[in-house]
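Bear in mind these aren't lab numbers, they're just calculated from the coordinates by the rules spelled out. Keep in mind that this is a model prediction, so the values were computed, not measured.
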Amino acid sequence: MKKFSLAVILLASMLTAPSTAFAAGQVKYTNQKVGQFCKTVDIGKYTYNPQGDRLVCVGGETNPRWQYKPLSVKYVQQKAGQFCKKTDLNKYTVEVSGTRLFCRTVDGRARWVQE
């Protein structure tokens, strides 16, 4: 009985202990740039550069590289030229017609632009 209760306690502590093995993987920013090689173990993981751009380690036919991946924003009838939130900078949304609008800084103001 003593061994059984010890096993239950150990199992319960393993289930409640935080585990980094299941974390979806944000990598510490160490001056990564778009197109730069990344480690094979980092494929699928991401980091943010100081400008707020999201970089994802993508494995291709050759060596894995860091690639720019903008985050999407929920479409709420945004139109090209309209102002967007500063928190949405470098993110995009897709119009009903299929056009992508990116939130970029234009003349010092955050606006939706078509690229």
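The table that follows gives values for the structure above.
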item: Potential lengthening between L71 and S97 on full extension [0.36 nm per residue; Cα-Cα distance subtracted]; result: 7.4 nm
item: Taking segment 71-115 and dividing mean pair separation by its residue count, relative contact order in percent (alpha carbons under 8 Å, at least six apart); result: 39 percent
item: Built amide H within the under 5 Å cut-off of C84, gap 5+; result: A110, R111, W112
item: For segment 71-115, radius of gyration divided by Kirkwood radius, i.e. Rg to Rh on alpha-carbons; result: 0.91
